[in-house]
Each structure stands twice: as C-alpha cells, then as structure tokens.
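Each value in this text was obtained by applying a stated rule to the coordinates, not by laboratory testing. These figures come from a predicted structure and were not determined experimentally. Here the Cβ is made from the backbone with ideal geometry for all residues, glycine too, and neighbour counts use every protein chain on show.
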C-alpha cells in the first residue's frame, strides 16, 4: 500500500473538518472512510454552486 504524502493527508483532514466537523488522529481505515464522505460532500457543494452561478447568469450548468 502506498503511503499518503503529507500534503494529501493534510488536505484530507481539512475536508473532514470542514464537512464532518471531526478533528482527531485517525487510523488509516477510518481516515479513508471519512475522506470519501467529505470528498463526496465537497463535490456536491461544488456542483450546487456551479448550478447556482449558471442559473444566476441565465444559463444551464452544462
């Protein structure tokens, strides 16, 4: 298994903190599960924001 580099781990922890309000030292398995959830929420937030901006300018997201 590849090691997670420090920048990726830090970015993951920040996403977890932002979306799940969890901040602690995680085991790798727990980190992976929480990161997947936080990443899904981040993508959803970005999709909604893109749709809102497109709607504000009278267009569609796609």
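Between residue 33 and residue 53, the modelled label-to-label distance comes to 3.4 nm, taking each label 7 Å out from Cα in the direction of the beta carbon.
Note down the relative contact order for the chain as a percent, whole number, built from C-alpha pairs under 8 angstrom at least six residues apart.
25 percent
What ranking do 13, 43, 22 get, fewest neighbouring Cβ atoms within 10 angstrom at the top? Don't skip to the end; give the middle numbers.
Values: 13 19, 43 10, 22 13.
Going from least to most buried by this count: 43, 22, 13.
In the set (1) 54, 26, 19; (2) 50, 18, 7; (3) 46, 24, 17, the label that goes with Cα extents along the principal axes in Å computed for this structure is (3).
Just to confirm the number: angle between the C-alpha axis of helix 6-20 and the first principal axis of the chain, 0 to 90 degrees, nearest 10? Between the helix axis and the principal axis of the chain, the angle is about 60 degrees.
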